[in-house]
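Structure, as structure tokens:
The values are calculated or read from the model by the stated rules, or taken from the named source; none is laboratory data. Predicted model, so just to flag it, every value in this text is computed and none were measured. Quick reminder, even Gly has a Cβ in these numbers, built from the backbone with ideal geometry, and neighbours come from all protein chains shown. These accessible areas exclude ligands, DNA and RNA; they are computed on the full protein's heavy atoms, side chains included. Shrake-Rupley method; radii C 1.70, N 1.55, O 1.52, S 1.80 Å.
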Amino acid sequence: MYQDIYIEESVHRQVPTVTRGLNILLIIATILVAFQFVFVNYALFGIPLVVMIIVTYFVSQNAKLDFDYVYTNGLLEITRIRRKRRRKDLVECEMKDVVVVAKSKTEPVQPYIGRHMTTYDCTSHDPDVVYYTMIVRNAGSGAETKVLFEPGQEMLEAMKRISPDKVYI
């Protein structure tokens, strides 16, 4: 008969090169302020040292992003996870509200490239991984949302079973 479909996938976002460079610069600046604290004047450089340590910590920790995709019986939920602790629901949509799901920059999603709409980038930014574009239309307001994500083959096939005319594998 009917079986419940439950598919869960996790994607780890790579740290951008700019953020890595910023982390290195902050670490070097923190070390320089620490040397000034130790060798020049501990009273003058105490507060800047503490501030530099805190800023370096938060910049390095906020660069750690993961995404969870959960597909259950025609409902797709995408959650962003910061620092392996803080979860925030980004997207929740049913397949009846989906306009199209296809590989990015292919013919089915071509009309939506360059259009002004809310966009959620839930990809790993790995150049070797193929990512998909999903366009979702809000049933109430008619506003469209673009979601960039990296579903696995099993998730794509389950989505295609529900909406074969909307999902292009």
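Some points to look at:
- Only one of the listed residues (VAL59, VAL99, VAL55, VAL51) is more than 14 Å from TYR120 (Cβ to Cβ) and in a strand (DSSP E or B). That residue is VAL99.
- Filtering the stretch 107-121 to residues that are under 21 Å from the mean Cα position of the chain (by Cα) and either open to solvent by 40 Å² or more (accessible area, probe 1.4 Å) or of a type in the set (S, T, N, Q) (or both) leaves ILE113, GLY114, ARG115, HIS116, THR118, THR119, TYR120, ASP121.
- Condition met for ASP66 (surrounded by 14 or more Cβ atoms within 10 Å (Cβ to Cβ), in contact with a strand residue (DSSP E or B) (Cβ under 6 Å, 6 or more places away or on another chain), closer than 27 Å to PRO16 by Cα and not polar (S, T, N, Q)): yes
- Restricting attention to the stretch 122-134 and to residues that are surrounded by 12 or more Cβ atoms within 10 Å (Cβ to Cβ) and over 14 Å from GLU77 (Cα atoms), the residue that is nearest to the chain's Cα centre (by Cα) turns out to be THR123.
- Contacts under 6 angstrom Cβ, first residue in the stretch 150-169 being open to solvent by 10 Å² or more (accessible area, probe 1.4 Å), partner acidic (Asp, Glu), 6 or more apart: GLY152/GLU9
- Among the residues of the stretch 16-48, those that are without any contact (Cβ under 8 Å) to a residue 24 or more places away in the chain and not in a helix (DSSP H, G or I) comprise VAL40, ASN41.
- Unmet criterion (only one of (1) touching an Asp or Glu at 6+ places or on another chain (Cβ under 7 Å); (2) over 30 Å from GLN61 (Cα atoms); (3) in a loop (DSSP other than H, G, I, E, B)) for VAL136: (3)
- Considering the stretch 69-96, and only residues there that are on the phi > 0 side of the Ramachandran plot and either among the aromatic types (Phe, Trp, Tyr) or under 14 Å from the mean Cα position of the chain (by Cα) (or both), the residue that is surrounded by the fewest Cβ atoms within 10 Å (Cβ to Cβ) turns out to be LYS84.
- In the stretch 16-47, the residue that is modelled with the highest pLDDT out of those that are within 28 Å of PHE149 (Cα to Cα) and open to solvent by 40 Å² or more (accessible area, probe 1.4 Å) is LEU22.
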